[in-house]
Amino acid sequence: MKVIAFNGSPRREGNTEILLSEAIRGVKQQGSEVTVYNLATLNLKTCLNCGHCDSAGRCIIKDDMQTIHDEIRIADRIIVASPIFFFSVSAQTKILIDRGQTFWAEKYVHKKPIQAGPFGRKGLLLLVGGMKRNAKNAGFDCAEATVRAFFRTVNVQEHVTLGYDSIDEKGAIARHATALMDAYEAGKKLVS
């Protein structure tokens, strides 16, 4: 089973990365390997909305996204981890999602969606935010909706979301009563 994970946090060894590491530990405990992409360290350009993927079925931009596009096409499980920035995912995560326009064009314009493969395709979304959730949960709801749209575009029809609020100080996620165990268990379940 091919598992890929995207760390969308620009802060090294921060709350998002710690939470993602626990999910990965759960995946590995079940015997699966994980390829992790730290989006902040890659050469990723923003979508140009040039329409090339609509006409040619491929992205015209040459950067590290070519490798990521190839990996997404063959993955059985996809993990996306992001901090909440201004009621959405980080800029690094949003670049990944926006550049998924190529998959949207493949699926809806060229009628060639990514195939599910022998294991199906499932996802896990990990979100960490510094703000305290209110009745509207705007930050988490907006971020989750954005990633859900990405997941559906790349044919991930089922995913689990774990979101933790009031986690701002670097390393604070480790003091949360259940977050690390939740992520570990979600990683195990993702590949079981």
Item to check | Among G100, F86, L124 the positive-end extreme of the charge dipole of the range 83-148 (Cβ point charges) | outcome: L124
Checklist entry - Around I84, which amide H atoms from residues at least 5 apart in sequence, or from another chain, sit under 5 Å from its own amide H, with H modelled in the peptide plane? => result V128, G129, G130
Checklist outcome for this item: Normalised per residue, the volume inside the convex hull of the alpha-carbon atoms of the range 66-192 in Å³ amounts to 115 Å³
Checklist entry - Amide H neighbours of F6 under 5 Å, counting only residues 5+ apart in sequence or on other chains, H built in-plane at 1.01 Å? => result Y37, I79, V80, A81
Item to check | T35 versus Q157: modelled label distance in nm, points set 7 Å from Cα along the beta carbon direction | outcome: 2.5 nm
Checklist entry - Residues with amide H under 5 Å of G14's amide H, sequence separation 5 or more or different chain, H placed in the peptide plane at 1.01 Å from N; which? => result none
Checklist entry - Which of the trypsin sites (Lys or Arg not before Pro) across the range 64-163 are loop residues per DSSP, with 16 or fewer other Cβ within 10 Å? => result K111, K132, R133, K136
Item to check | Exposure of Y184 as accessible area (Å², to 10), given a probe of 1.4 Å and all protein chains | outcome: 30 Å²
Item to check | Karplus 3J(HN,Hα) series, Hz, for the range 86-95 with 6.51 cos²θ - 1.76 cosθ + 1.60 (x for Gly, Pro) | outcome: 6, 6, 8, 6, 5, 4, 4, 5, 5, 4
Item to check | Modelled label reach - Q115, point 7 Å along Cα→Cβ, the range 58-84 residues with backbone N closer than 15 Å | outcome: 73-76
Checklist outcome for this item: Calc'd 3J(HN,Hα), the range 66-75, phi into Karplus 6.51 cos²θ - 1.76 cosθ + 1.60 (θ = phi - 60°), Hz, glycine/Pro = x, comes to 4, 5, 5, 4, 4, 5, 4, 4, 10, 6
Next on the checklist: Give me the dipole magnitude in Debye, nearest 20, for the chain about the Cα centre, with unit charges on the beta carbon: positive for Lys and Arg, negative for Asp and Glu.
Outcome noted: 300 debye
Checklist outcome for this item: For the chain, the percent of accessible surface on carbon and sulfur atoms (probe 1.4 angstrom, ligands and nucleic acids excluded) is 53 percent
Next on the checklist: Using only DSSP helix segments of four residues or longer, with each worth -39500 (n - 2.57), what per-residue ellipticity at 222 nm results for the chain after dividing by its residue count and rounding to 500?
Outcome noted: -11000 deg cm²/dmol
Checklist entry - Between the range 56-125 and the range 18-38, how many Å separate their Cα centres? => result 19 Å
Checklist entry - On average, how much accessible surface per residue is there in the range 93-192, in Å², for a 1.4 Å probe, leaving out ligands, DNA and RNA? => result 50 Å²
Next on the checklist: Bin width 10 Å, origin at 0, all Cα-Cα pairs of the range 1-101: what percent of pairs per bin?
Outcome noted: 15, 44, 32, 8, 0
Item to check | Net charge dipole size for the range 35-103 [Lys, Arg +1 and Asp, Glu -1 on Cβ; Debye, nearest 20] | outcome: 80 debye
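The values are calculated or read from the model by the stated rules, or taken from the named source; none is laboratory data. Note that this is a predicted model, so its numbers are computed, not measured. For neighbour counting, all protein chains shown are included, and Cβ atoms are generated from backbone atoms with ideal geometry for every residue, glycine included. Just the protein is used for accessible areas: all its heavy atoms, side chains included, with ligands, DNA and RNA removed. Shrake-Rupley method; radii C 1.70, N 1.55, O 1.52, S 1.80 Å.
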